[in-house]
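Reviewing the structure listed below.
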Amino acid sequence: MRGLKDKAVLVTAAGSGIGAACVRRLLAEGARVAAADLDQRAAEAVLAECDRRDRAFAMAADVASAEEAAAFGGPAGGRGAPPPRGTRRGEGHGP
């Protein structure tokens, strides 16, 4: 993952597993990250490990909900992160 410095990325399922690994790597590469997870505290814990709160924030989100997925652009967009595109990882549920 090169060339990501200052790119804005939304990672879903960011509180554990591959999503958390993506958050760690993206932050190490200098990206700005919106870390979304069903459990916001889990996503916040991943960000705390990285000690890069200046480049990331956590948000609660259920990617199986069309309403919540559509709302990503609101809170994420207002904080310098992207609408739902870029690095995304779902849990295999939903349409």
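The values are calculated or read from the model by the stated rules, or taken from the named source; none is laboratory data. A quick note: this is a predicted structure, and the numbers were derived from the prediction, not measured. Backbone-built Cβ (ideal geometry, glycine too); neighbour counts: all protein chains shown.
A few comments on the model shown:
- Within region 1-27, residues that are outside any loop (DSSP other than H, G, I, E, B) have Cβ atoms under 6 Å from residues that are surrounded by fewer than 24 Cβ atoms within 10 Å (Cβ to Cβ) and among the polar types (S, T, N, Q) in these pairs: Val9/Thr87; Val11/Thr87; Cys22/Thr87, counting only partners at least 6 apart in sequence or on another chain.
- Screening Arg24 against (1) of a type in the set (Lys, Arg); (2) modelled with pLDDT under 95; (3) over 11 Å from Thr12 (Cα atoms) leaves a single unmet condition, (2).
- Qualifying residue in region 18-29 (condition: surrounded by fewer than 14 Cβ atoms within 10 Å (Cβ to Cβ) and more than 23 Å from Ala69 (Cβ to Cβ)): yes
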